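Participant: A single structure is presented below for examination.
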Amino acid sequence: MSLTFHWFLPTNGDSRHVVGGGHGTPATASGRDRPPTVAYLSQIARAAEDLGFVGALTPTGAWCEDAWLTTAMVSRHTERLKFLVAFRPGFVSPTLAAQMASTFQRHSGGRLLLNVVTGGESHEQRAYGDFLDKDARYRRTGEFLRIVRELWDGKSVDLTGEHLRVEDARLTRVPDPVPEIYFGGSSPVAGEVAARHADVYLTWGEPPSQVAEKIAWIRGLAAAQGRTPRFGIRLHVIARDTSEQAWAEAHRLLDGFDPATIRSVQEGLARSESQGQRRMLALHGGSRDALEIHPNLWAGIGLVRGGAGTALVGSHEEVAERIEEYHALGIDEFVLSGYPHLEEAYWFGEGVLPLLAARGLWHHPSEPPPAPAAQVPFTG
């Protein structure tokens, strides 16, 4: 099975420095270095497409541009790249969301993937008119996905749930293909929703031992539902010809973190209700010290950025080895990013992907998969 790699569209702005913010905190000033124009994002998308990435994740929240509208515009400048659109189900009706996804599939040639984000920050949710607490938001997400999936199946839906109600809901045209659902979450209620609805369960880049625990947890819950989701991981990456060059770049980024910005972002993230965000914060504890938390896994990004806060750092060979390590645990999809996103896509795409291809772990999606190795007859 070929590993799947996705890149990231920085709709919050890009820079040669880390663009901080997220999870209820505003984007840092470095996000103005390269504004998220359609022209610049399309440049990143075309590079990712050429290099062999399957899709590109777009974030959601007050700190960035709207993912639906932005990806619809960028899709016109690409041919194959899929768009992993992050959206929050509490902000739009399930019938309208199902219709939007169906329309996107037809106009893009089937290039939509959906990253369902329940929302871990009540103060940000309230700004959008959503006043449910966190557990209730997850229960609503479960109802939402049930309705959406039945609509995509061409069914007429009547549902009176705890939070959502639809009567005689149906789509005139169903999506083809049906978009896959990517979903993450570390709380017990999140695990239940993922087990019932996720095609791909996403985790942030924790050390392998912690990732293995999450995979076992979700596998067990999904098996009880008769389901077998795939697993993906969200990481930043700094890959260079040598390990020394990669760590020098990581230290350059770290030197650009203003202490006042670190304090401000950490204070904001400490208020997060997201269990996944708390796990990210625990990896570095707000300190610049001891940031390599596993060989080639660096927690420095999380000092100024909410959400995904770790990066694979090392030579192309070392980064390929870490990817193999995660793959051995059950990770088949990697959602990657790096600062700046245009240049780092080339560093990874030209340095790491060929190594993985040589090991039979990856092939360019525009090319046919390699033929299986010839079987030698047993004569013993």
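Participant: Which residue, of Arg219, Arg279, Arg263, is open to solvent by 60 Å² or more (accessible area, probe 1.4 Å), in contact with an Asp or Glu (Cβ under 7 Å, 6 or more places away or on another chain) and outside any loop (DSSP other than H, G, I, E, B)?
Facilitator: After ruling out the rest, the residue left standing is Arg279.
Participant: Follow-up. Please pick out the residue among Ala270, Ala328 that is more than 21 Å from the chain's Cα centre (by Cα) and open to solvent by 10 Å² or more (accessible area, probe 1.4 Å).
Facilitator: Ala270
Participant: Residues Ala97, Ala48, Ala86, Ala56: which one is open to solvent by less than 30 Å² (accessible area, probe 1.4 Å), more than 19 Å from the chain's Cα centre (by Cα) and not acidic (Asp, Glu)?
Facilitator: Going through Ala97, Ala48, Ala86, Ala56 in turn, the sole match is Ala97.
Participant: Test Thr172 against the criterion of being hydroxyl-bearing (Ser, Thr, Tyr) and either touching a helix residue (DSSP H, G or I) at 6+ places or on another chain (Cβ under 7 Å) or assigned to a helix (DSSP H, G or I) (or both), and give yes or no.
Facilitator: no
Participant: Separate question: If I filter segment 232-247 for residues that are of a type in the set (D, E, K, R) and part of a helix (DSSP H, G or I), do I get at least one hit?
Facilitator: Checking segment 232-247: at least one residue is of a type in the set (D, E, K, R) and part of a helix (DSSP H, G or I).
Participant: Oh, and also: Please specify each residue of segment 17-56 satisfying the condition of being part of a loop (DSSP other than H, G, I, E, B) and within 23 Å of Arg263 (Cβ to Cβ).
Facilitator: Matches in segment 17-56: His17, Val18, Val19, Gly20, His23, Gly24, Pro26, Ala27, Thr28, Asp33.
Participant: Now a separate question. Go through Glu180, Glu192 for me and flag whichever is touching a residue at least 40 places away in the same chain (Cβ under 8 Å) and farther than 20 Å from Met100 by Cβ.
Facilitator: Glu192
Participant: Just wondering, is there one or more residues in segment 8-19 that are aliphatic (A, V, I, L, M) and surrounded by fewer than 21 Cβ atoms within 10 Å (Cβ to Cβ)?
Facilitator: no
Participant: Also, quick follow-up: For Leu356, indicate whether it is in contact (Cβ under 8 Å) with a residue 40 or more places away in the chain, touching a helix residue (DSSP H, G or I) at 6+ places or on another chain (Cβ under 6 Å) and within 16 Å of His6 (Cα to Cα).
Facilitator: When the stated conditions are applied, Leu356 passes them.
Participant: For segment 128-148, enumerate the residues that are in contact (Cβ under 8 Å) with a residue 12 or more places away in the chain and open to solvent by 60 Å² or more (accessible area, probe 1.4 Å).
Facilitator: Tyr128, Asp135, Arg139, Arg146
Participant: Just to be sure, is Trp68 under 28 Å from His123 (Cβ atoms), open to solvent by 20 Å² or more (accessible area, probe 1.4 Å) and not in a loop (DSSP other than H, G, I, E, B)?
Facilitator: yes
Participant: Next up: Taking into account only those residues within segment 175-207 that are of a type in the set (A, V, I, L, M) and in a loop (DSSP other than H, G, I, E, B), which is least open to solvent (accessible area, probe 1.4 Å)?
Facilitator: Ala198
Participant: Any residue in segment 206-217 that's modelled with pLDDT under 95: show its pairings with residues that are surrounded by fewer than 18 Cβ atoms within 10 Å (Cβ to Cβ) at Cβ separation under 9 Å, as long as the two are six or more apart or on different chains.
Facilitator: Short answer, once both residue conditions are applied: none.
Conditions tested, residue by residue: (1) modelled with pLDDT of 95 or more; (2) assigned to a loop (DSSP other than H, G, I, E, B); (3) open to solvent by 10 Å² or more (accessible area, probe 1.4 Å); (4) within 20 Å of Leu202 (Cβ to Cβ).
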{"position": "Asp289", "(1), (2), (3), (4)": "no, yes, yes, no"}
{"position": "Gly309", "(1), (2), (3), (4)": "yes, yes, no, yes"}
{"position": "Glu317", "(1), (2), (3), (4)": "yes, no, yes, no"}
{"position": "Leu336", "(1), (2), (3), (4)": "yes, no, no, yes"}
{"position": "Tyr339", "(1), (2), (3), (4)": "yes, yes, yes, no"}
{"position": "Glu350", "(1), (2), (3), (4)": "yes, no, yes, no"}
{"position": "Gly360", "(1), (2), (3), (4)": "yes, yes, yes, no"}
{"position": "Pro369", "(1), (2), (3), (4)": "no, yes, yes, no"}
{"position": "Pro372", "(1), (2), (3), (4)": "no, yes, yes, no"}
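Participant: Which pairs do you get when a residue that is assigned to a strand (DSSP E or B), found in segment 76-93, comes within reach of a residue that is among the hydroxyl-bearing types (Ser, Thr, Tyr) and surrounded by fewer than 20 Cβ atoms within 10 Å (Cβ to Cβ), reach meaning Cβ atoms under 7 angstrom, with the pair 6+ apart or on two chains?
Facilitator: The qualifying pairs do not exist here.
Participant: Going residue by residue through segment 238-254, is there one that turns out to be closer than 16 Å to Val18 by Cβ, under 21 Å from the mean Cα position of the chain (by Cα) and either basic (Lys, Arg) or crowded, with 17+ Cβ neighbours inside 10 Å (or both)?
Facilitator: Scanning segment 238-254 turns up at least one residue that is closer than 16 Å to Val18 by Cβ, under 21 Å from the mean Cα position of the chain (by Cα) and either basic (Lys, Arg) or crowded, with 17+ Cβ neighbours inside 10 Å (or both).
Participant: Another one. Exactly one condition in (1) closer than 25 Å to Leu9 by Cα; (2) in a helix (DSSP H, G or I); (3) not hydrophobic (A, V, I, L, M, F, W, C) is not met by Asn115; state its number.
Facilitator: Of (1) closer than 25 Å to Leu9 by Cα; (2) in a helix (DSSP H, G or I); (3) not hydrophobic (A, V, I, L, M, F, W, C), only one is false for Asn115: (2).
Participant: What single numbered condition from (1) part of a helix (DSSP H, G or I); (2) surrounded by fewer than 21 Cβ atoms within 10 Å (Cβ to Cβ) fails to hold for Gln125?
Facilitator: (2)
The values are calculated or read from the model by the stated rules, or taken from the named source; none is laboratory data. Here the structure is a predicted model, which is why all the values come from computation and not from measurement. When we count neighbours, we look across all protein chains shown, and the Cβ atoms used for this are built from the backbone with ideal geometry, even at glycine. Protein only, heavy atoms only, side chains kept; ligands, DNA and RNA dropped before computing areas. Shrake-Rupley method; radii C 1.70, N 1.55, O 1.52, S 1.80 Å.
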